[in-house]
Amino acid sequence: MTYNEFLQVVAERHRLTDTGCSPERYGQSFFNALEVVNSGLANALRSTPLDPFHENSVDPRVVYWVEENWEQPLDKVTPLG
């Protein structure tokens, strides 16, 4: 899956939220989708100060970090922050 396809998954997941089918915050939709399609990045993000799971939005630094590290092997992922 490409990074742009991932963003489409996030948007669709959150669209379902807006229709009441799946009540998630946007940050929760983003993180949950990331966990499914790129669990390594999700685990690197989990419980950090920028973890979006409990937020209604995603910090632009997180969006940039995910995009930059999307195709990196886990041992080459740059630290978040």
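The values are calculated or read from the model by the stated rules, or taken from the named source; none is laboratory data. Given the structure is predicted, the values throughout are model-derived calculations rather than measurements. Backbone-built Cβ (ideal geometry, glycine too); neighbour counts: all protein chains shown.
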Taking the stretch 60-81, which residues are of a type in the set (D, E, K, R) and in contact with a Pro (Cβ under 7 Å, 6 or more places away or on another chain)? none
What pairs can you find where one residue is in the stretch 56-81 and farther than 17 Å from residue 6 by Cα, the other is of a type in the set (Val, Ile, Thr) and surrounded by 12 or more Cβ atoms within 10 Å (Cβ to Cβ), and their Cβ atoms are less than 6 Å apart, with a gap of 6+ or different chains? 80/48
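Would you call residue 5 outside any helix (DSSP H, G or I) and farther than 20 Å from residue 75 by Cα? Steps first, answer last, please.
Details: outside any helix (DSSP H, G or I): no; farther than 20 Å from residue 75 by Cα: yes.
No: the conditions fail for residue 5.
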Within the stretch 30-58, how many residues turn out to be among the aromatic types (Phe, Trp, Tyr), in contact with a helix residue (DSSP H, G or I) (Cβ under 6 Å, 6 or more places away or on another chain) and closer than 18 Å to residue 77 by Cβ? 1
Does residue 16 satisfy the condition of being surrounded by fewer than 18 Cβ atoms within 10 Å (Cβ to Cβ), assigned to a helix (DSSP H, G or I) and in contact with a Ser or Thr (Cβ under 8 Å, 6 or more places away or on another chain)? yes
Inside the stretch 65-81, can you point out the residues that are at pLDDT 90 or above, in a loop (DSSP other than H, G, I, E, B) and surrounded by 10 or more Cβ atoms within 10 Å (Cβ to Cβ)? 70, 71, 72, 77, 78
Hey, among the residues in the stretch 40-64 that are in a helix (DSSP H, G or I) and more than 10 Å from the chain's Cα centre (by Cα), which one's surrounded by the most Cβ atoms within 10 Å (Cβ to Cβ)? 44
Looking at (1) surrounded by fewer than 17 Cβ atoms within 10 Å (Cβ to Cβ); (2) in contact with a Lys or Arg (Cβ under 6 Å, 6 or more places away or on another chain); (3) closer than 19 Å to residue 5 by Cβ, find the lone condition where residue 33 falls short. (1)
Lone unmet requirement of (1) modelled with pLDDT under 95; (2) assigned to a helix (DSSP H, G or I); (3) exposed (fewer than 11 other Cβ atoms within 10 Å of the Cβ) for residue 23: (2)
